[in-house]
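Report on the structure given below.
The values are calculated or read from the model by the stated rules, or taken from the named source; none is laboratory data. Keep in mind the model is a prediction, meaning the values are calculated, not measured. Heads up, the Cβs are rebuilt from the backbone with ideal geometry, glycines too, and the neighbour counts pull from every protein chain shown. Accessible surface areas use protein heavy atoms only, side chains included; no ligands, DNA or RNA. Shrake-Rupley method; radii C 1.70, N 1.55, O 1.52, S 1.80 Å.
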Amino acid sequence: MAGMATAIVERRDGVPVVRLAGEVDMSNAPRLELDISDVAPNDAPGLVLDLSETEYLDSAGIRMLFELAERLSGRRQTLVLVVPAGSLIRHSLEVTEVDQAVAMHDTLGDAIEAIRTG
Amino acid sequence: MPVAPDRWDTITAEPHAAMADNETHHGGGVLDPQRALGFLAEASAVLARSLDYERTLSEVAQLSVPEFADWCGVDVVQPDGSLRQITSGHPDPRIEDFLMELRRRYRQEKGTSEGAMHVIATGESELMTDVRNAPRIEIPSAESGLYETLSARSYMIVPMVARGRTIGALTFLSTREGRNYTPVDLDFAHHLARRFALAADNSRLYQEAEEARERLTFLARASELLAQTLELERTLEQVAYLTVPRLADWCAIELVGEDGSVYNAATAHTDPEKVKFAEEIRKRYPADPSSPTGVPNVIRTGKSEFYSEIPDEMLVQAIDDPEQLRLMREIGLSSILIVPLTARARTLGALTLVHAESGRSYNEEDLRFAEDLARRAAIAVDNARLYTQEHHAVVTLQQSLLPRQLPDIPGIEFAARYLPATSEVDVGGDWYDAIALGDGSVGLVIGDVAGHGLEAAAVMGQFRNALRAYALEGGGPGAAVERLNRLTRTFEQNDMATLVYGEFDAGTSSMRFVRAGHPPPLVRSPDGRVTAVNGQGSLPVGVSPNARYEASLLDLSPDTTLLLYTDGLVERRGEALEDGIARLERILADAPDSLEELCDHVIEQSAPDPERADDIAVLALRPVEVDAASFHTSLRAEPSELSRLRRMLMRWLRATQATAQQIYDITIAAGEASANAIEHAYGARPARFEVEGTLEGDTVTVWVRDSGSWRAPRGRHRGRGLKLIDALMEDVRIERRKEGTEVMMRRRIGSEG
């Protein structure tokens, strides 16, 4: 199903923000990774990936997060995640140590702030 | 025997002038005026009766014998410029043959300097008063006996002029003692020739008109055939058979396939054995695509080839293989027309018309006719191909407009099918839809837009989206369909649709529905009884802006099956719709329980013919009580199946006491094991994997089984799946067996987590 996940791109205070809604698994993760990595222009300090509306994210999605972070850091850009407290996906991000590699914030405001202050 | 021109009286001037200048043996003609008039009247009467050109010419030749001549020859100019000869015939066949041979030699020797060719070329007549001892060409001594027997005495050649055109010449030969033609006879011959010419020309015109009419009738019939059916090859076969034997002994149609190769689409002959014979030859000696002549050349150049005659030398030259030559000789080709099938400036193939055993030969007129026929056939071929493309486009559009996934709603099972019509033009506007409404109920739609083709599919998209939007606005089925009906006034055409729209509420296990000109939903109760539920029937949507759509209530207790369908499932030619619905009721009663299998069953039983004249859409729904104690499913080993599995697992887990986080974590764990099964376990062949679950006390156990071997994770960032499973579940065991891999995972659920 093509509409399993949607990535909505916007700019907040000069920071590119991708709101990823829906479900991510092996059927759509590779495509999403390419789409999202294209979003940050070279002059942007980084990228906020907002997972507030992400309903499902398995290991394929988690791998996508690691690879995105690597790709961006190669361009001296930072990846910051928004994962609200109480989000169902938070537990699996923690047990796979995503939080060790990528900064996770509860709110979008915090995430944007984190990038701007670098 | 030398030619002795000085012994001849030759008149090549106007008959009256000739009469004045010429000395003759008789002062008058060979006929006395009274008899001449009577003869003329008789001849006119005979000719007036005949509208058959060939017969007219034959009558012309016959009529003058023996009254006015002992032998009469008619030479008629053919459309291709050649001469056609018809004679009265000599009582002695040897003499007749000899005469024909003399004429042939005469023509060869004299060309248009004298004789019939000269008369036709100049319109001037010839009178030979006495040729008894001096033939105009040399007679070899071996033939002098025959010439003696013929005893030619005198002859006249006069032009046949009709409507200002010289259509041929008449030769009157006298072999009778004392009958030598005079200028008076020449004058009479002229008179006669004019009458004959007019009669012959009339019958020619009539025949042409008749042929034109026949051809028009033929073309009309061919066009009709070509237009009515889009099953290309069958149509071409019919057209090919229409041409035999009237227009051809053989007819073949070759087409250029998608890969550019040329294939035979139709071959016709009145004798099926001969068709087989031709196919045999074709198989053994396939046409060389680079051949400078024949079908490959016509297809390459888009130009017709026309052989009015096929002399044996031509075959010998064209065919190297002695066996093939023998076979072609056996067919006995006498004349061939090969014309291109051209549409929109592209050559799509070639039409070949062959005269063989009939010995007929084609002319320019036939060529024009064949080209006309080929043009029409080409348009049909082109259309059929376009339709095929359109069919593909319609089906693609249609399927892109149908929901890819039915909503996952706890306590409701869904299954749906859509089968496009097989005939290109009939694919159309059937649709189904299931919409999860905000209040936890679900909207169900089955609809059928009037019309077919791309347009109907596009209109269907409008109806579908509008109804979705109105359904989500709330207000119930009546309000939604009324709004949809009002909206149709803004549609460009008078677009119309029949539909059933219902909103099922799992809380009350009932459905409120509107039926707008659509066949009634069928309900199968758990005991197998099937009833058609008509409810409050209303007008189709788009008929009247003032139509009212009132909803009816239908109880759907758990394990009751609701079947919504379009008329393609129940309609059969020559059968009342009610009978079709009654048949479907019986089929549904016997259908298997599994909703997916049930859908397949009703389609297979109701519409077993793979050729469908109409679209078929089916939507089945069943409220179910989820069994918290166990879960089982078998899925295709494809990534797209993962989201289905998640929905089913979540529905099951919601029926247990698991918290939202526990449901998510178990679903992730089972999803990881399944993703591994999909990713690692299989080769190219289609495969399946199984997921089973149990709830014992507060312990949920899930098994994922496949028939492959669990491979070690490769690459960076891999292997996280197993890590996730380990972290999210309390007890995980992986068993690798020869027949496959089983992952067992277990955890407790409940408030403690």
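I'd like the full set of residues that are assigned to a strand (DSSP E or B), within 45 Å of the chain's Cα centre (by Cα) and not basic (Lys, Arg), limited to the stretch B:504-526. Selection gives B:Phe513, B:Val514, B:Ala516, B:Leu522, B:Val523. Filtered by the rule that a residue be within 14 Å of chain A (Cβ to nearest Cβ) and closer than 14 Å to B:Val700 by Cβ, the stretch B:642-666 gives B:Leu649, B:Met650, B:Leu653, B:Arg654, B:Ala658, B:Thr659, B:Gln661, B:Gln662, B:Ile663, B:Tyr664, B:Asp665, B:Ile666.
Here A:Ile89 meets each of (1) touching a residue at least 12 places away in the same chain (Cβ under 8 Å); (2) more than 10 Å from every other protein chain (Cβ to nearest Cβ); (3) under 18 Å from A:Glu33 (Cβ atoms); (4) within 15 Å of the chain's Cα centre (by Cα) with one exception, condition (2). If you go through the stretch B:163-212 and pick out every residue that is closer than 17 Å to B:Arg84 by Cβ, of a type in the set (Gly, Ala, Ser) and crowded, with 24+ Cβ neighbours inside 10 Å, you end up with 6. Residue count for the stretch B:108-129 satisfying the condition of being outside any loop (DSSP other than H, G, I, E, B), under 53 Å from the mean Cα position of the chain (by Cα) and within 22 Å of B:Tyr181 (Cα to Cα): 6. Among the residues of the stretch B:551-565, the ones that are assigned to a strand (DSSP E or B) and of a type in the set (D, E, K, R) come to 1 in all. Within the stretch B:677-696, one or more residues are among the β-branched types (Val, Ile, Thr), assigned to a helix (DSSP H, G or I) and within 14 Å of chain A (Cβ to nearest Cβ).
Out of everything in the stretch B:596-637 that is among the charged types (D, E, K, R) and part of a helix (DSSP H, G or I), what residue ends up being surrounded by the most Cβ atoms within 10 Å (Cβ to Cβ)? Here the residue is B:Asp600. In this structure, does B:Ala727 turn out to be within 13 Å of another protein chain (Cβ to nearest Cβ) and either modelled with pLDDT under 85 or open to solvent by less than 20 Å² (accessible area, probe 1.4 Å) (or both)? Considered against the rule, which asks whether it is within 13 Å of another protein chain (Cβ to nearest Cβ) and either modelled with pLDDT under 85 or open to solvent by less than 20 Å² (accessible area, probe 1.4 Å) (or both), B:Ala727 comes out as no.
Do we find that B:Pro592 is surrounded by fewer than 17 Cβ atoms within 10 Å (Cβ to Cβ), part of a loop (DSSP other than H, G, I, E, B) and without any contact (Cβ under 8 Å) to a residue 12 or more places away in the chain in this structure? Yes; evaluated as a whole, the condition is true for this residue. Selection of the stretch B:472-501 for residues being touching a residue at least 60 places away in the same chain (Cβ under 8 Å) and closer than 13 Å to B:Val442 by Cβ yields only B:Pro477. Taking the conditions (1) open to solvent by 10 Å² or more (accessible area, probe 1.4 Å); (2) away from chain B (no Cβ under 14 Å); (3) free of Cβ contacts under 8 Å to residues at least 60 places away in the same chain; (4) among the hydrophobic types (A, V, I, L, M, F, W, C) in turn, A:Leu108 satisfies each one other than (3). Filter the stretch A:6-62 for residues that are without any contact (Cβ under 8 Å) to a residue 24 or more places away in the chain and part of a strand (DSSP E or B); which is farthest from the other protein chains (Cβ to nearest Cβ)? In this case the residue turns out to be A:Arg11.
Whenever a residue of the stretch B:104-125 is at positive phi, its partners that are open to solvent by less than 70 Å² (accessible area, probe 1.4 Å) and polar (S, T, N, Q), lying with C-beta atoms within less than 7 angstrom and at least six residues away or across chains, give the pairs B:Gly123/B:Thr166.
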